[in-house]
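All remarks here apply to the structure that follows.
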Amino acid sequence: MDKAILDVVASSAYVMGPKVKEMETAFAEYTGMKHCIACNSGTDALLLALKAWDIHEGDAVFVPSFTFFASAEVIAMQGATPVFVDVDENTYNMDPADLQRKIEQTIKNGKWVPKAVIAVDLFGLPADFKAIRAVADHYGLYLLEDGAQGFGGMLEGQKACTFGDIATTSFFPAKPVGCYGDGGAIFTNNDEWAALMESYHIHGKGSDRYDNVRIGMNSRMDSIQAAVLLVKLKAFKDYELVDVNKVAERYTELLHDVVKTPVVPEGYFSSWAQYTIQVRDEQQRAELQTALKVLDIPTAIYYPIPMHRQTAFRYLNPEENHCPVSDRLAKTVISLPIHPYLSKEDQDVICAAVRKELKGH
Ligand SMILES: *Cc1c(COP(=O)(O)O)cnc(C)c1O
């Protein structure tokens, strides 16, 4: 890793150097997608996809309520309206039946035109793409896969970041493949959209960077991040993805009798961006978090506020964004430490503490 970084420093090609092309080729190859465009973050990747599809004011885009803010934020950044869809309580991913309901409701109320669905691979598990694809196709909607947490996951042997018409990922350090700062990527097999996103991410460039044919943005990837990602991708392929799955399996073995552990349905494979359990209620969660904190065991709440309750979205009608499962999960989920390098000894300490705290209940 040190050599990879120092080589970039020595080359002085800090932004969009040859390392970025190399990284794009490696990530396209891993997923099997025709185009990979590296950019500055997972958020920008989503935004660039919506730009390629010309999502704008008057359009409705369907997105799960239980997700990271960026999945929904980009819709509003384009001036379009996010319509929040509830999630499945076992997989934490978009509920296809509620997607259909929310599309029907949007058509009926006639204020916005349904244009796209953003399905999120939450916590590393691919969304239910068979069902979601069927609904999206039925209504003629674009399907965008937010694979920020999903890279490395699989559904019936097909890799995450290949299910959407466009798919995106993030290389923020906490994601399954993280760089040493911010980074993101976009995947598609569509040449026309790839060319548009290539242009939008460098100031709407035309034939060169000083020929600007559309209003774009600056979302280039730093060469150092690309060099880091090439090293990380190799480790991810060689052992990290396998090892993190072993850690997750062991958590489930040691905890499933005292708490609701994550569900990986038949045919699915997770890349475990998070290991998220569900406890009884907010109070039990607070007590568990405190008990673990005393032992220096970090935990996190992903996510405490569903999108339909966010202050930034208070202008939307709550009646149209009813998501009871997301509401409940926001109060009951808690994520335990997980990464490919978690030792059995540390995991035993974590599990013993969780068991001790929850057993009485
Ligand atoms: C992290 C994340 C993003 C945004 O990625 P950044 O690289 O942090 O901009 C988008 N969607 C989801 C689901 C995420 O977890």
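So the values come out like this:
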| read-out | value |
| --- | --- |
| Links that overshoot a 24 Å alpha carbon limit, given the list 21/205; 115/232; 34/237; 19/175; 111/205; 175/234 | 115/232; 111/205 |
| Value of D in µm² per second that Stokes-Einstein yields for region 242-361, Kirkwood Rh from Cα pairs, at 20 °C (1.002 mPa s) | 137 |
| Structure-based [θ]222 nm, the chain - -39500 (n - 2.57) summed over DSSP H runs of at least 4, per residue, nearest 500 | -12500 deg cm²/dmol |
| Normalised contact order of the chain, rounded percent, pairs of Cα under 8 Å and 6 or more residues apart | 21 |
| Under 20 Å from the Cα of residue 260 - lysines, other chains or at least 8 residues apart | 246, 331, 356, 359 |
| Which of 198, 104 has the fewest Cβ neighbours within 10 Å, and the rest in rising order | 104, 198 |
| Virtual paramagnetic centre 7 Å along Cα→Cβ of residue 12, amide N under 18 Å, in region 204-228 | 223-224 |
| Region 110-244 - Kirkwood radius from inverse mean 1/r over Cα pairs (Å) | 16.4 |
| Cα-based Rg and Dmax for the chain, where Dmax is the largest Cα-Cα distance (Å) | 20.6, 67 |
| Farthest toward positive dipole pole in the chain [+1 Lys/Arg, -1 Asp/Glu at C-beta], among 9, 153, 226 | 9 |
| Separation of the residue 231 and residue 327 label points, Cα + 7 Å toward Cβ, nm | 4.8 |
| Cα gyration tensor shape for region 168-220, rounded if a/c is under 1.5, else prolate or oblate | oblate |
| Euclidean distance between Cα centres, region 118-184 to region 251-290, Å | 21 |
| Linear extension gain, residue 310 paired with residue 112, 0.36 nm per residue minus alpha-carbon span | 69.2 nm |
| Whole-number D in µm² s⁻¹ for region 76-159, Kirkwood Cα-pair radius fed into Stokes-Einstein, 20 °C, 1.002 mPa s | 160 |
| Gaussian network model of the chain, springs between alpha carbon atoms under 10 Å - residue of 33, 217, 154 with greatest fluctuation | 217 |
| Normalised contact order of region 1-91, rounded percent, pairs of Cα under 8 Å and 6 or more residues apart | 21 |
| Stokes-Einstein translational diffusion, region 274-337 - Kirkwood Rh over all Cα pairs, 1.002 mPa s, 20 °C, in µm²/s | 167 |
| Candidates 259, 61, 117: whichever shows maximal mean-square fluctuation once the chain is modelled as a Gaussian network with Cα springs under 10 Å | 259 |
| Point-charge dipole on Cβ atoms (K/R +1, D/E -1) for the chain, about Cα centre, debye to 20 | 340 |
| Residue 97-residue 57 pseudo-label distance in nm [points 7 Å out on the Cα-to-Cβ vector] | 3.8 |
| Among 253, 282, 266: highest mean-square fluctuation, GNM of the chain, C-alpha pairs under 10 Å | 266 |
| Reference-scaled alpha-carbon Rg (2.2 N^0.38 Å with N residues) for region 14-104 | 1.31 |
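Each value in this text was obtained by applying a stated rule to the coordinates, not by laboratory testing. Computed from a prediction, not measured in an experiment: that's the story for all the values here. All Cβ positions, even for glycine, are placed from backbone atoms using ideal geometry, and neighbour counts span all protein chains on display.
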